Amino acid sequence: MSHSRWKSLRERKLVEGFTESEDVTEARREIRLSMALAKAVYDRRTELGLTQTELAERSGLTQAKISRIEGSDTIPTLPLLAKLAKALDATLNIALDSDDTQVTFTAHHTDAA
């Protein structure tokens, strides 16, 4: 089934009054948070021109762990997030709201050209 067909079926169910269970809703929230973190790590790493291997070396992690974080395959612990922020020379900002999640890295230093 194509994504567009799946989406239209889901939308039709929602219009018809179908509601997802609380477990499914919670799983969707967790996935969105994991994906927001993955994108923030990837964006900051590429902004710095680092490979996954280089970020792994800077953070004391493995390249495989960085790949799992960027692929939304794992949810890191707070100590691991602190290591990532330090390795990315940035502050990690996480804003959690019921409808919106924002994860960003704010650079500590700006490079003057």
**Rounded to the nearest 20 debye, dipole of the stretch 27-97 from Cβ charges on Lys, Arg, Asp, Glu** = 180 debye
**Request:** Taking amide H positions as placed in the peptide plane 1.01 Å from N, state which residues far from residue 90 in sequence (5 or more) or on other chains have amide H under 5 Å from it.
**Result:** 108
**Message:** Give me a comma-separated list of calculated 3J(HN,Hα) values for the stretch 79-89, in order, Karplus coefficients 6.51, -1.76, 1.60 applied at θ = phi - 60°, integers in Hz, x for any Gly or Pro.
**Reply:** x, 5, 4, 5, 4, 4, 4, 5, 5, 8, 6
**Complete:** Taking a ≥ b ≥ c as the square roots of the Cα gyration tensor eigenvalues, with a/c under 1.5 meaning rounded and otherwise prolate when a/b beats b/c or oblate if not, the stretch 49-93 comes out oblate
**Cα gyration tensor shape for the stretch 67-113, rounded if a/c is under 1.5, else prolate or oblate** = oblate
**Karplus-derived HN-Hα couplings along the stretch 70-77 (A = 6.51, B = -1.76, C = 1.60, θ = phi - 60°), whole Hz, x at Gly and Pro** = 5, x, 6, 8, 8, 10, x, 6
**Asked** Using alpha-carbon pairs under 8 Å, 6+ residues apart, how would you state the relative contact order of the stretch 20-113 in percent?
**Response** 27 percent
**Prompt:** Binning every alpha carbon pair distance of the stretch 20-107 at 5 Å from zero, what are the percents per bin?
**Reply:** 3, 15, 26, 26, 15, 8, 5, 2, 0
**Prompt:** By how many nm would the segment from residue 89 to residue 106 grow when fully extended, if each residue of separation counts as 0.36 nm and the alpha-carbon distance is taken off?
**Reply:** 5.3 nm
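Every number in this text was worked out from the coordinates using simple rules, so none of it is lab data. Everything quoted here is computed from the prediction, not taken from an experiment. With ideal geometry, Cβ positions are generated from the backbone for all residues, glycine too; neighbour counts draw on all protein chains shown.
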